[in-house]
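Inspection log for the structure reproduced underneath, given as structure tokens.
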Amino acid sequence: MIDSIKGTLVKKNPTSVIVDVGGIRLGIPITLATFEKIPNPNQPVELLTYLHVREDIMVLYGFYDDHERDVFMQLNSISGIGPRSAMNILSGTDPIEFKKKIIDSDVASLTSIPGIGTKTAKRIIVELKDKFTDQDTGSDLDFLLVSDDKDKIDDVMKVLVSLGYKRSAINQVIKKLVTEDGLDDNIEDIIKGALKLL
């Protein structure tokens, strides 16, 4: 798998970019969210990628970050949702908000996203809800955390997961600690506080 590419951005539009990588120019489909985050043409750019291979075609899809690529790959694994549909869906929503809608089984909100009807929304929930619930969603907290706290969160997550707790439960406890300034303590005290809440 080609994990990422790095080169000079030659051209961009809301659905695709052209990147010059050592004299080879690659046309890469992207989402609207990635379009809004990457630099202007003639600037260096790096994209995470997913190479889709079929008998008659090879397409390299580009993403600004891991959140978006992860959701794309999960969507692409669902029968009836191909890479093009997955890219269209991601262009109509934020990946983290999309995960939350799935975890909450929010069919109404999902059907408000272009490309998702009621049947598709229900199928997505059935296929992905458990996967997203058990994933490490600590990144949802990024907007609340300074860099030092992110390192603490990673350490606390690892310890609690090793003790057998589900990531979804740990994430809820961390959200509570964040709102109560419970991350000001050292890691040992944070873990003790989290264990009391779990």
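The residues in the stretch 76-91 that are buried (at least 16 other Cβ atoms within 10 Å of the Cβ) and farther than 25 Å from SER168 by Cα can be counted, and the count is 6. Checking each residue in the stretch 101-124 for being without any contact (Cβ under 8 Å) to a residue 12 or more places away in the chain and part of a helix (DSSP H, G or I) picks out LYS101, ALA108, SER109, THR111, THR118, LYS119. Scoring THR49 on the criteria (1) under 28 Å from ALA108 (Cβ atoms); (2) under 17 Å from the mean Cα position of the chain (by Cα); (3) among the β-branched types (Val, Ile, Thr) leaves a single failure, condition (1). Scanning the stretch 124-163 for residues that are under 15 Å from VAL71 (Cβ atoms) and modelled with pLDDT of 85 or more turns up ILE124, ILE125, GLU127, LEU128, LYS129. Identify all residues within the stretch 178-198 that are surrounded by 13 or more Cβ atoms within 10 Å (Cβ to Cβ), under 15 Å from ASP151 (Cβ atoms) and not β-branched (Val, Ile, Thr); write none if there are none. Selection gives LEU183, ASP185. Regarding the stretch 78-94, can at least one residue be identified that is hydrophobic (A, V, I, L, M, F, W, C) and touching a Lys or Arg at 6+ places or on another chain (Cβ under 9 Å)? Yes, there is a match, as at least one residue in the stretch 78-94 is hydrophobic (A, V, I, L, M, F, W, C) and touching a Lys or Arg at 6+ places or on another chain (Cβ under 9 Å).
Please verify whether ILE57 is in the same structural domain as VAL126 (by TED's automatic domain parsing), of a type outside the set (D, E, K, R) and free of Cβ contacts under 8 Å to residues at least 60 places away in the same chain, treating the condition exactly as stated. So ILE57 fails the test. Counting residues in the stretch 67-75 that are loosely packed, with under 15 Cβ neighbours inside 10 Å and either part of a strand (DSSP E or B) or among the aliphatic types (A, V, I, L, M) (or both) gives one or more.
Report, by residue number, each residue of the stretch 14-66 that is β-branched (Val, Ile, Thr) and not in a loop (DSSP other than H, G, I, E, B). Correct list: VAL17, ILE18, VAL19, VAL21, ILE24, ILE28, THR34, VAL45, THR49, VAL53, ILE57, VAL59. A single member of ILE38, ILE24 is touching a residue at least 24 places away in the same chain (Cβ under 8 Å), outside the structural domain of ASP130 (by TED's automatic domain parsing) and farther than 23 Å from ASP130 by Cα, and it is ILE38.
The values are calculated or read from the model by the stated rules, or taken from the named source; none is laboratory data. Bear in mind that the values here come from a model prediction, so they are computed numbers and not experimental data. Cβ sites come from the backbone with ideal geometry, for glycine too, and all protein chains shown count toward neighbours.
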